[in-house]
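Each reported figure results from applying straightforward, stated rules to the coordinates on display, with no laboratory input. As the structure is a computational prediction, the values presented were derived from the model and not from experiment. When we count neighbours, we look across all protein chains shown, and the Cβ atoms used for this are built from the backbone with ideal geometry, even at glycine.
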Amino acid sequence: MIGMVLGWGLVALGLIGIILDLGGEFLLGGIPPEFWWVFALWGLSAAGFAVVRGQMFVFVMKRLLEAGFVIFVIATLTFLLLRFLPGGPFDAEKALPPDIKANIEAKYGLNKPIAEQYLSYLGSLARGDLGESYKYIGRPVANIISETLPISFQLGIYSLLLAFFIGIPLGVFAASKHNSLLDNGLMIFAISGVALPSFIVGPLLVMVFSFGVPFSAMQGLLPPALWESPIYYILPVLTLGLRPAAIIARMTRSSMLDVIQADFVRTAKAKGVAEQVVLYKHVLKNSLIPVLTISGPLVAGVLSGSFIIEIVFGIPGMGKHLVQSVSNRDYPLILGMTLVFSAMLVIANLIVDLLYTVVDPRIKLG
Amino acid sequence: MSNVVATAIPQDPSVVPSSVSQGKSLWSDAWKRLKKNRAAFVSLYFIVFVCLVAVLAPWIAPYSFETQNIDRALMSPDGVNWLGTDSLGRDMFSRIIYGARMSMSVGVFTAIFSLLFGGAYGALAGWLGGWVDSSLMRIIDILYAIPSLVLLILVGVIFNSLNLFENPELKALTGIFMALSVVGWVSLARLVRGQVLQVREMLYVEGARALGASGWRIVGRHIFPNILGPIIVMLTFQIPSNILFESFLSFIGLGLQPPYSSWGVLANDGWRAKSYPHLILFPGMALFFTMLAFNLLGDGLRDAFDPKMKNR
Amino acid sequence: MPISLSIPLTISLAKSLNRQLAALVILFALVGTACTRGNGDIEVELPGGKKTKLALKETLRVPATSEPPSLDWIKSSDTASAEITSNLMEGLTQYDLTDKELGLKPALALKWEATDSGRKWKFTLREGVLWSDGVPFTAQHVADAFKHLLTRETAASYAYSLFGLKNAQAYNQGKVPWEEVGVKITAPSEITFELDKPMSFFPYLLSHHATFPVRLDVIKKAGDRWTEPENIVTLGPYVLKAWQHDKIVFLERNEKYYDAKPAIKNIVFYMIQEIGTQINLFDSGKLDAVHTLPSVELRKLRTRKEHREVMRLGTAYYGFNVTKPPLDNVLVRRAISMAIDRQQVVQMLAGGQVPLTSWVPTGMFGYEAERGLSFNPDKARELLKQAGFADPSKVPKIEIRFNTNEDHARIAENIQAQLKKNLGIEIELKNEEWKVFLNTLKIDPPQMFRFGWQGDFPDPDNFLNLMVSHSDNNHTKWKNPRFDELIAKGAGTLDREERKKIYSEAQKILVEEDVPVVPLYIGVSHLLVSERTENYPVNAMSIFSFKATRLKQ
């Protein structure tokens, strides 16, 4: 009972958050920051409750410990690899005189032995300090992440919602009409989402919806770039969402096809349960496991921002830092981004594993 | 950065069915089922056609891919240059034909390499199980989270400096080929491991083991034939994602060495040139239809190798 | 959280397709209602989260290619930051942008004069200038800036630009105290600089943002966060009102500015990296300018009425590593330089670039039109024969390396084709990621490489100094003591005719005799500028100072 309240309350809070985010400017003047604290606390207690009730406490702790170790190794390896990367953070078109470069390197401790640099990085990491960016002088890496990640998150969540809303029904339809014209048609449509790089899809959408080529009635319908209000979200969300939508649609279709043949479905059909009910109640639910499996990395990838989408639509998210920090050899920023990404990956995969037990109670973790 | 891989190579064990029935009937059944799937069959013909174009490029292309004619730069399609010219006055039709060569070899060879390496790794993990499996998988987790851009640049630099080949075409390819393989094998290792894990628990393998068959014999006689179908399916999905990933590399400036071009390079040069739609339209179409064909064929093969599909 | 949110949501919704469709409809309806807004005004978030609306008719919207790495003008060393700080601050001198030769005019200094044959420079400062917090500007703020810039711990990239000052380098290395550096406040509003050796172009250095005055008290109080809008104190035509990182910078007219108040009240910089996106925004009326244009598009864009172009103070060239065969042979280098038709390169780029055979760019003091090796394939083949390569196919393979970039690739491909056609030699191309390329140049320069030079100030010294043997920017490994001697002599000569002669000889050595470099062309800046603006800054130095720009009503 408490679990139900907590779980569905979380869903309701999330919906309220989305509504506020999309239409908030008329309703309440945006989302108050306290809202997210309530949401986060609620989510944590819901998760905690589920974990305790499902007797998965040991499992979760073990996974988190393991994840901590993996993240530590990732940080170490990345730290070392960066030092082997040719070109340093302060190499520029106009080469700096050696004296000046030495001053700058001394300021960031880059003149010390690598082992010492590594230890001091670990030391500050233990204090929760990700260091300062080399490129954005004096700007803490933690600030860069906290300012850009929410925007990538916003973009990512809408894209994922779109992907699930489009992908799952598409997969279900296609599977229920297997090998028919509709199946082929829907799958071709879905594959179109993965068939072109997003740096072509994005500008293509802009051409149609902002500049009205070739349908001049569409001219000026949507802004071509920036990230100001919901109208600005549509094109980037569409561009980013199409790819996961296609992946989810095909995944749903194939796993539905697998499940449709299963014995329990035949039994249900034989018992005279209506076709629609069988399809949605039994088949879809059991087909979701593979979809969930792929969702882990997909969610982490989409939420941490997409470089191409953010560049093409001028969105101030984290995706472009993920790529540009490497181009700039901005060591602390690269490390910070890597840590955030791997933490997100770990958390997403853990949540997916926990969700398995929701979808299929037969699955036991441990 | 690794999210690039996460979204670019979205594969999963469950795309691929476990084919449990044994023997040659599996292959002939699969072929029969594939023939029924018209979309997949048309795709197969199309892919064969593209491969032929790639191999025969020097004989098919009306011009050389590198002959410049500045006076005819950026011409729209006409009788001389059927698909127009680029900013150096090179024939787009010829460049797309030669682009097929580069794109297809990047796609195919990288997929094969990742498959060999990733497959061996995954199979080892899946077959041995236990602590070997979990430590091998942790290594994969780690590699997955390391910024792939860092790996891409490093590998590219190392292989470019090695100068393995004299042939300029191969030379242009090696860097990008190695870079893609290094990030590509990880996801394939995961897939193969999942397959092996599934098959290992199957009854007939248990049976063979009970009868005292050696490990290698079981792998060779039972496991390998049973995961071969799924592996072919994987390849048809891996190839297009490699081709697409190559275009992403061009976008971030780690692409092929000029003057060679792939479809990814052409598309990347073209998408900014709004006034010259032929620069993006034709490479874009080549990319689109090839992606579509590989994916449809993959879906078809997946269905065909699925033994549960027999009566559909 | 959103992860755990979306999945149960989907599961529940997937149970009923109708409900799912309904949800989709609601979602799009919500988005739809949100779309009905917008009247052209710009909404900007101020520090503290308060939002304000700026009227479009008094707001200029311009692109910034990236988040400015730092608005600390002493430490920053990039163009994105300079675009903004050049509106916030001023130096002792400033460019006279109406002058074709790009001379200087007074800014914070009213006048200046050289004594001791260019070894000492005395600047008389303007009085009555106020900082944005009301504190009067004094000579101390100039001395503070110099000290801050040169102090080792500041670790400023541009500290070396003042190494001509007496003892500056020694102070930077911590060898002498500040008092021994050649910066003296000689009267309440007079400051005198003493140099190691005469430097005719010294006043130009004081128009650069690294030498702008600074308030040490402000820096001390706010630390690294002193450039945030709530802390920063400036004295230029505009003040910083908001800086939403990675998104916008918002400047407002400085009511305390000492000179004529700027006509435009607000300036908003949008950080948009992709040029195609900038053009899209420009075309849909959301940006008033685009500062660089994609080169493939130039043929079409140059015909647009909003298009502006101006020759840049920057050149592109190819360098040789003169220690690697066959390029250790000067005859081969000369042959290659003569076998490249710059006109064709420029025609291919189609951006109005000016072909260049000399080192000092067109229009600058010291430029000689006839200097350099002009295109002559017959002579080039002859030289190659003299070098011992009667059969061009016997020439060892030459590699051209460049950093990955569409234009650099096109140029390299063109030069490859030209050298094959005109000399019959084989060239191999190799592109590298930018920082890898810089590292290659530093450690093991390739046989041939692309590079460019963007001038810091319009003086031949700034260009020729690049090729002296101790220069960190000379990647050719070429050393010529006579050339070094001439450049040092030229910098210390005040008489213009005399200097011209010295530079003429130096250029002859560089581009006609030893040929470690092949100059290609002078760059051109291309912009799109909205017709609602007047007097938009379009200049060779790419200084985007908007104090003289107006908006048509």
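Going by neighbour counts of Cβ atoms within 10 Å, the residues B:LEU128, A:LEU350, A:LEU298 line up, fewest first, as B:LEU128, A:LEU350, A:LEU298.
For the residue pairs C:LYS175/C:LYS489; C:LYS53/C:LYS241; A:LYS107/C:LYS147; C:LYS324/C:LYS442, the C-alpha atoms sit more than 19 angstrom apart in C:LYS175/C:LYS489. Quote the relative contact order of chain B in percent (integer), defining contacts as alpha-carbon pairs under 8 Å separated by 6+ residues. Relative contact order here is 31 percent. Here the Debye sum runs over all C-alpha atoms of chain B as equal scatterers in vacuum, and log10 of I(q)/I(0) at q = 0.08, 0.14, 0.15 Å⁻¹ comes out as -0.42, -1.09, -1.19.
Estimated purely from DSSP H runs of n ≥ 4, each contributing -39500 (n - 2.57), the mean residue ellipticity at 222 nm for chain C is -9000 deg cm²/dmol once divided by its residues.
Between C:ILE185 and C:SER471, residue separation times 0.36 nm minus the direct Cα-Cα distance comes to 99.7 nm.
If the viscosity is 1.306 mPa s and the temperature 10 °C, what translational diffusion coefficient in µm²/s does Stokes-Einstein give for the protein assembly as shown when Rh comes from Kirkwood over Cα pairs?
Details: Rh = 32.9 Å.
The Stokes-Einstein estimate is 48 µm²/s.
For C:PHE123, C:PHE201, which order do you get if you count the other beta carbons within 10 Å of each Cβ and list the fewest first? Before the final figure, lay out each step's value.
Details: C:PHE123 23, C:PHE201 17.
In order of increasing Cβ crowding within 10 Å: C:PHE201, C:PHE123.
Once R0 is set to 41 Å, what does the formula 1/(1 + (r/R0)^6) return for the Cβ-Cβ distance between C:LEU110 and C:ASP444, expressed as a FRET efficiency to the nearest 0.05? The value I calculate is 0.20. If R0 is taken as 30 Å, the Cβ-Cβ distance between C:GLU228 and C:HIS307 corresponds to a FRET efficiency of 0.20.
Charge dipole of the range C:311-523 (Cα centre as origin; +1 on each Lys and Arg Cβ, -1 on each Asp and Glu Cβ, all else neutral): 380 debye, rounded to the nearest 20.
Which value results for Rg/Rh of the range C:79-159 when Rg is the Cα radius of gyration and Rh the Kirkwood radius based on the inverse mean 1/r? Walk me through the numbers before you get to the answer.
Details: Rg = 14.6 Å, Rh = 14.8 Å.
Rounded to two decimals, Rg over Rh is 0.98.
Spin-label model, A:TRP37/B:SER134: points 7 Å from Cα along the beta carbon direction are separated by 4.0 nm. Between the alpha-carbon centres of the range C:155-184 and the range A:149-177 there is a gap of 60 Å.
Scaled against the 2.2 N^0.38 Å expected of a compact globular protein of N residues, the Cα radius of gyration of the range A:128-183 reads 2.06. Do the sum for chain A: with -39,500 (n - 2.57) for every DSSP H run of n ≥ 4, divided by all residues, what is the mean residue ellipticity at 222 nm, to the nearest 500 deg cm²/dmol? Taken over chain A, the calculation gives -24500 deg cm²/dmol. How would the range C:345-443 be classified by its alpha-carbon gyration tensor: rounded, prolate or oblate, with rounded meaning a/c under 1.5 and the a/b versus b/c comparison settling the rest? Oblate, because a/c is 1.5 or more while a/b does not exceed b/c.
Could you size up the charge dipole of chain A around its Cα centre, putting +1 on the beta carbon of Lys and Arg and -1 on that of Asp and Glu, and report it in debye to the nearest 20? Walk me through the intermediate numbers first.
Values: 24 positive and 21 negative charges, 199 e Å.
Computed about the Cα centre, the dipole is about 960 debye.
The relative contact order of chain A comes to 21 percent, based on Cα pairs under 8 Å that sit 6 or more residues apart.
On alpha-carbon atoms, Rg over Rh for chain A using Kirkwood Rh?
Numbers: Rg = 24.0 Å, Rh = 23.6 Å.
Here Rg/Rh amounts to 1.02.
Based on the alpha-carbon set only, what is the convex hull volume of the range A:233-345 divided per residue, in Å³? Mind dumping the intermediate values first?
Details: hull volume 12.6 nm³, N = 113.
Measuring per residue, one finds 112 Å³ for the Cα hull of the range A:233-345.
Once both labels are positioned 7 Å from their Cα atoms along Cα-to-Cβ, the gap between C:ARG482 and A:ALA217 label points is 7.8 nm. Residues A:PHE215, A:PHE90, A:PHE164 in ascending order of nearby Cβ atoms (within 10 Å, fewest first): A:PHE215, A:PHE90, A:PHE164.
Please sort by residue number the trypsin sites (Lys or Arg not before Pro) in the range B:196-254 whose DSSP state is loop and whose Cβ has at most 15 other Cβ atoms within 10 Å.
Answer by residue number: there is no such site.
Over all pairs of distinct alpha carbons, what does the Kirkwood formula give as the hydrodynamic radius of the range C:93-217, in Å? Intermediate values should be presented prior to the final figure.
Details: mean 1/r = 0.0667 Å⁻¹.
15.0 Å is the Kirkwood radius here.
The aspartates and glutamates whose alpha-carbon is closer than 19 Å to the alpha-carbon of C:LYS547, local same-chain residues fewer than 8 away aside, are C:GLU58, C:GLU83, C:GLU90, C:ASP96, C:ASP99, C:GLU252, C:GLU255, C:ASP259, C:ASP288, C:GLU531, C:GLU534. Ellipsoid fit via the Cα gyration tensor, the range C:311-523: semi-axes of 26, 19, 17 Å, each the root of five times an eigenvalue, largest first.
Using the Cα coordinates of the range C:226-371, the gyration tensor eigenvalues translate into equivalent-ellipsoid semi-axes of 42, 21, 17 Å, sorted from longest to shortest.
The alpha carbons of the range A:46-183 stretch over 72, 44, 27 Å along the principal axes, in descending order. In summary, the convex hull built on the alpha carbon positions of chain C has an orientation-averaged projected area of 31.9 nm².
Here the range A:141-330 is described by how far its Cα atoms reach on the three principal axes: 62, 44, 26 Å, from widest to narrowest. Given the pairs A:LYS112/C:LYS220; A:LYS101/C:LYS75; C:LYS100/C:LYS300, which span a C-alpha to C-alpha distance of over 19 angstrom in this model? Violating the 19 Å limit, Cα to Cα: A:LYS112/C:LYS220; C:LYS100/C:LYS300.
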